[in-house]
1. Residue pairs, Cβ under 7 Å, 6 or more apart or interchain, first in the range 1-19 and in contact (Cβ under 8 Å) with a residue 12 or more places away in the chain, second basic (Lys, Arg) and surrounded by 13 or more Cβ atoms within 10 Å (Cβ to Cβ). List them.
2. Scan the range 63-75 and give yes if some residue there is at pLDDT below 80, more than 19 Å from Arg7 (Cα to Cα) and not in a helix (DSSP H, G or I), otherwise no.
3. Hey, could you check the range 12-57 for residues that are among the aliphatic types (A, V, I, L, M) and under 13 Å from the mean Cα position of the chain (by Cα) and say which is least open to solvent (accessible area, probe 1.4 Å)?
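The values are calculated or read from the model by the stated rules, or taken from the named source; none is laboratory data. Quantities reported herein were computed from a predicted structural model and do not represent experimental measurements. Heads up, the Cβs are rebuilt from the backbone with ideal geometry, glycines too, and the neighbour counts pull from every protein chain shown. What goes into the accessible areas is simple: the full protein's heavy atoms, side chains included, and nothing from ligands, DNA or RNA. Shrake-Rupley method; radii C 1.70, N 1.55, O 1.52, S 1.80 Å.
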Amino acid sequence: MSESSGRFRAVRELFLELSEFDTGERGARISALAETDAELAHEVDSLFDAERAAGSFLDRPAGDFAPEVVRGWLASEGAEA
């Protein structure tokens, strides 16, 4: 196993483990981890940041996005919707 795959596995396992905790406890555990492995703490924390940023966009049907996509496409083509 390569070092990068081992690191990926560690990040993944820690992310899944910390997913079980509420935001406050998770933050405390990531802060504690940062004292011994700042890079690992940052990688795991960035996954939680990405998860928060993604929100619940998958809960919205794709068809709901169509008007926005069409307007964006038309705007990029210099047309009006």
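1. Here the result reads Leu18/Arg26; Leu18/Arg29, each pair linking the range 1-19 to a residue that is basic (Lys, Arg) and surrounded by 13 or more Cβ atoms within 10 Å (Cβ to Cβ).
2. Within the range 63-75 (the criterion being at pLDDT below 80, more than 19 Å from Arg7 (Cα to Cα) and not in a helix (DSSP H, G or I)), the answer is no, since none of the residues qualifies.
3. Here the answer is Val44.
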